[in-house]
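Derivation of every value follows stated rules applied to the coordinates shown; laboratory data play no part. Just so it is clear, the structure is predicted and the values come from calculations on it, not from any experiment. Glycine gets a Cβ as well: all are built from the backbone with ideal geometry, and neighbour counts include every protein chain shown.
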Amino acid sequence: MTDAPLDAFAAFADSLAERTRPVIDRFFRQPLSVEEKGDGSPVTIADRAVEEMLRAAIRERFPDHGILGEEYGREDIGRRFVWVIDPIDGTKSFITGLPLFGTLLALLDEGRPVLGVVEVQPLRERWVGVSGRGTTLNGRPCRTRACTRIEDAVLYATTPDIFDGADAEAFARVSARVRLRRFGGDCYAYALVATGTVDAVVEVGLQPYDYLPLVAVIEGAGGVVTDWQGRPPGIDSDGRIVAAATPELHRAILETLS
């Protein structure tokens, strides 16, 4: 991809993130009806409103692009460029008034994430990662921390409830070795890896819209994101994800998980 289209895509993604703020402001910490989806996860009118707005904007600007979103599924995802949308990553945080949720956006080029956005509306924080350009937080470059030893690492996962059986045993091996283990944050924990205050996130059970927007953000800041086997994440990954601040730390976590 040449610089000019990538610059245009990044500017468009930044404008999309800005457009989500008034939508979230209208609904956050307001009385809302919460529905339960087929997988047991919650959804609100805010989730749907954000995704509807984003899909409409993408279709208008790039009608030849595909879209994959949490609430409205897959649309022409065999095309070269595909936008990935998680309208509210952290709906449970959103409905309980915790401001550590956000909108996630990615642009895939032939299945590879080349652009990622984490927009945390309540805190007015926005991470933008662009392939080959680095990652910014509110327009300023940010970097991962130079943590190479698992014993020095700060590790996050959204909740211990996502781990079961062999996955729980593997996560326990990792968390027993790190300096500090914390839970919560959803996408915010991954964004903090890019900022340099968290060193790793290990999770299972994720969907493509949960992890694909994080790839360019973390990699652009110097980190590494793969599945538990060390493979680059894609639409068809199994949802087991490791994000780490450095290649050395990432390698140590993979060895401990296995």
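Please report the antiparallel percentage of the DSSP beta bridges confined to the chain, to the nearest 5.
Numbers: 39 of 49 bridges.
Looking only at bridges with both residues in the chain, the antiparallel portion is about 80 percent.
Comparing E51, E219, E125, which has the greatest mean-square fluctuation in the GNM of the chain with Cα pairs linked when under 10 Å apart?
Ranking E51, E219, E125 by mean-square fluctuation puts E125 first.
Taking N as the number of residues in the chain, what is its Cα Rg relative to 2.2 N^0.38 Å? Could the numbers behind the result be given before it?
Numbers: Rg = 17.2 Å, N = 258, 2.2 N^0.38 = 18.1 Å.
Compactness ratio reported: 0.95.
What's the exposure ranking of W127, W228, W83, going from fewest to most Cβ atoms within 10 Å?
Values: W127 31, W228 20, W83 27.
Exposure proxy ranking, most exposed first: W228, W83, W127.
If you find the alpha carbon centre of the stretch 47-104 and of the stretch 161-191, how far apart are they in angstrom?
One Cα centre to the other: 26 Å.
So what's the back-of-envelope 222 nm ellipticity for the chain, counting only DSSP H runs of four-plus at -39500 (n - 2.57) apiece and dividing by all residues, rounded to 500? The partial results should precede the final answer.
On the way: 7 runs with 93 residues, N = 258.
Result for the chain, helices only: -11500 deg cm²/dmol.
Which shape class, rounded, prolate or oblate, goes with the stretch 150-257 when its Cα gyration tensor gives a ≥ b ≥ c as root eigenvalues, a/c under 1.5 marks rounded, and past that a/b bigger than b/c marks prolate?
Values: a/c = 1.32, a/b = 1.07, b/c = 1.24.
Because its axes are fairly even, with a/c under 1.5, the stretch 150-257 counts as rounded.
For the stretch 3-141, what ratio Rg/Rh do Cα atoms give with a Kirkwood hydrodynamic radius? Mind dumping the intermediate values first?
On the way: Rg = 14.8 Å, Rh = 15.3 Å.
Ratio of gyration radius to Kirkwood radius: 0.96.
By the scheme Lys and Arg +1, Asp and Glu -1, what is the net charge of all other residues having a beta-carbon under 11 Å from that of T103? Intermediate results must be reported in sequence, preceding the final value.
Values: positive: R19, R21, R126; negative: E18, D47, E51, E70, D86, D89, E119.
Surrounding charge for T103 is -4.
How far is helix 247-257 tilted, in degrees, relative to the longest principal axis of the Cα atoms in the chain, given as a value from 0 to 90 rounded to the nearest 10?
So the helix axis and the longest Cα principal axis differ by about 70 degrees.
Let me have the relative contact order for the chain, percent, based on Cα pairs under 8 Å that are six or more residues apart. Mind showing how you got there, number by number?
On the way: 575 pairs, mean separation 41.9, N = 258.
With pairs under 8 Å counted, the relative contact order is 16 percent.
Given the alpha-carbon gyration tensor of the stretch 163-224, what are the semi-axes of its equivalent ellipsoid in whole angstrom, ordered largest first, with each equal to the square root of 5 times an eigenvalue? Could you put the intermediate results ahead of the total?
Details: eigenvalues 84, 46, 18 Å².
Whole-Å semi-axes of the equivalent ellipsoid: 20, 15, 10.
For the chain, modelled as a Gaussian network with Cα springs under 10 Å, which listed residue fluctuates most, V50, V118, V23?
In the Gaussian network model the winner is V23.
Taking neighbour counts of Cβ atoms within 10 Å as a proxy for exposure, in what order, fewest first, do R112, R26, R240 appear? Spell out each step's value before the answer.
Values: R112 14, R26 11, R240 19.
Lowest to highest Cβ neighbour count: R26, R112, R240.
Given the stretch 127-258, what percent of its DSSP beta bridges are antiparallel, to the nearest 5? Show your work: numbers first, answer last.
On the way: 14 of 20 bridges.
If we restrict to bridges inside the stretch 127-258, about 70 percent are antiparallel.
Give the peptides 249-256, 145-152, 220-227 in descending order of average Cβ contacts within 10 Å, highest first.
The densest-packed peptide leads the list: 220-227, 249-256, 145-152.
Could you work out the relative contact order of the stretch 150-257, using alpha carbon pairs under 8 angstrom and six or more residues apart, expressed as a whole percent?
Working: 203 pairs, mean separation 30.7, N = 108.
Result for the stretch 150-257 is 28 percent.
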